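Have a look at the structure below before the remarks.
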Amino acid sequence: MVDEPFPAQRGTPAVDRRAFLADSLGAATAVRLPASAQSLTPPGKSGAIGTAHLLELREGLRSLFQLDDAYGGDEVRALAVRHLRRVRRIINTSEYPDAISRQLQLLVGESAVHCGWLAYDADDQDTARRYWGEALTTATMLRDLNLEIMIFCAMSLQACHEDRPRDGLDLARAAQTRAARLGSPVLRSLIAAREARALSLLGEGKSATQRLSEAMRLVDRADGRPPPEWTAFHGHAELDFTQGLLYTELGHHHSAVQFLRAALAHQDRTYGRNRALYRLTLARSLVKAGEIDEGAAHAVGSLEHLEEVESGRVTKRLGEVTDLLRHRDAKTARRAVDELTEYTRTRGAA
């Protein structure tokens, strides 16, 4: 059954929605980032950074991950950049033992990766590359496998997004080589899914299917080491979505619909940005499969999610779906185009 959008929400002026979201982000940050993003002052010569400071800084980064999951990259990235600058300032103006030094440098690398991710989600690809380049320098200096894998996985996704699937495959395979040494099945599953995505874009359907099957097998394995914290988003919803994209690339749109439905059904509601992206991708596949009425309904229904999400990738997908519907001769398609166009115009004017 197709969810109905909420007319009252869709009628809210974009400027009011953004003001509400900004207030919500500010309140969430005030609660979740008490020291690392607000009041932590580098003690300089008068005191040393210790474990408590480090834990506060790391909790700040964790909170930024949660805000990104809920709201997308556009609104959150300014907070992440400030967090990264604060950690760098502490490194350069404070005293701390060698054990803390490595952890602070690692936190800089992880924060830079996240800043790059937020820029990627906002569709600011040059900025994303710059942050990931900085993070890779830190990973090389520290010889930290987990950080290298984070970066290569992110860059693989970006390469596919920019229609560079061969680069995407090479980056995913570099990550997979390193992941074999960490012994986490979930991590290897995530990377296998990235490999499958690149292979599907290269037109290698059989190989893509094999890698995705391996990803599905690995994600449920209980042996091996626990996955890194940054892989928490990866699971059956992500794999269903990847399978749907694979079928889309192969032109099997009815098959894609089946998996995209499952991805949306399985996606935790705390991942607001992903739910918006999944639903618009489902709408796109429904329209391509000839299910115009249902595709139009899902497209309009996605506006419910977009009231809280600021993501360049999601906005781009909204434009793709609107263009698809514009070329379909159906009353529901025309109504949906009018509503989606008005929403985009109002949002852009804010």
With everything on Cα atoms, drop me the angle between helix 165-179 and the longest principal axis of the chain, reported from 0 to 90° to the nearest 10.
40
Quick one: check the C-alpha center-to-center distance for region 76-108 versus region 138-200, whole angstrom.
25
In square nanometres and to one decimal, what's the mean projected area of the convex hull around the Cα atoms of the chain?
17.9
With +1 at each Lys and Arg Cβ and -1 at each Asp and Glu Cβ, the charge dipole magnitude of the chain around its Cα centre, to the nearest 20 debye, comes out at 620
Low-density loop positions, GluC sites (Glu not before Pro), region 134-165 - DSSP coil, at most 14 other Cβ in 10 Å
Glu162
Isotropically averaged projected area of region 236-328, using the convex hull of Cα atoms (one quarter of hull area), nm²
5.3
Top positive-direction residue, dipole computed over the chain with Cβ charges, set Leu171, Cys115, Ser94:
Ser94
With the chain treated as a Gaussian network of Cα nodes joined by springs under 10 Å, which of Ala289, Ala215, Ala256 yields the largest mean-square fluctuation?
Ala289
Counting only protein heavy atoms and a 1.4 Å probe, tell me what percentage of region 161-226's accessible area is made up of carbon and sulfur.
47
Ignoring ligands, DNA and RNA, what percent of the 1.4 Å accessible area of region 292-338 is carbon and sulfur?
47
Within a Gaussian network of the chain (alpha carbon springs, distance under 10 Å), most fluctuating of Thr93, Thr248, Thr270:
Thr93
What's the angle, to the nearest 10 degrees (0 to 90), between helix 292-301's Cα axis and the longest principal axis of the chain?
40
Might you tell me the accessible area per residue for the chain, computed with a 1.4 Å probe and given in Å²?
45
Tabulate in residue order the Karplus-calculated ³J(HN,Hα) for region 83-100, using 6.51 cos²θ - 1.76 cosθ + 1.60 with θ = phi - 60°, rounded to whole Hz; enter x for Gly and Pro.
4, 4, 4, 5, 5, 4, 5, 4, 4, 8, 10, 10, 9, 6, x, 4, 4, 6
Rounded to one decimal in nm, the spacing of the 7 Å Cα→Cβ label points at Arg130 and Ala78 is 1.7
Ranked by GNM mean-square fluctuation in the chain (Cα springs under 10 Å), the top entry among Ala180, Ala112, Ala70 is Ala180
With loop defined by DSSP as not H, G, I, E or B, and exposure as at most 14 other Cβ atoms within 10 Å, which is the longest segment of the chain clear of exposed trypsin sites (Lys or Arg not before Pro)?
1-142
Fully extended contour minus Cα-Cα distance, from Ala99 to Glu294, at 0.36 nm per residue
64.5 nm
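The values are calculated or read from the model by the stated rules, or taken from the named source; none is laboratory data. Only a predicted model underlies this, so the values are computations on that prediction, with no experimental measurement involved. Glycine also receives a Cβ, built like all others from the backbone with ideal geometry; neighbour counts cover every protein chain displayed. Surface accessibility is based on the protein's heavy atoms, side chains included, excluding ligands, DNA and RNA. Shrake-Rupley method; radii C 1.70, N 1.55, O 1.52, S 1.80 Å.
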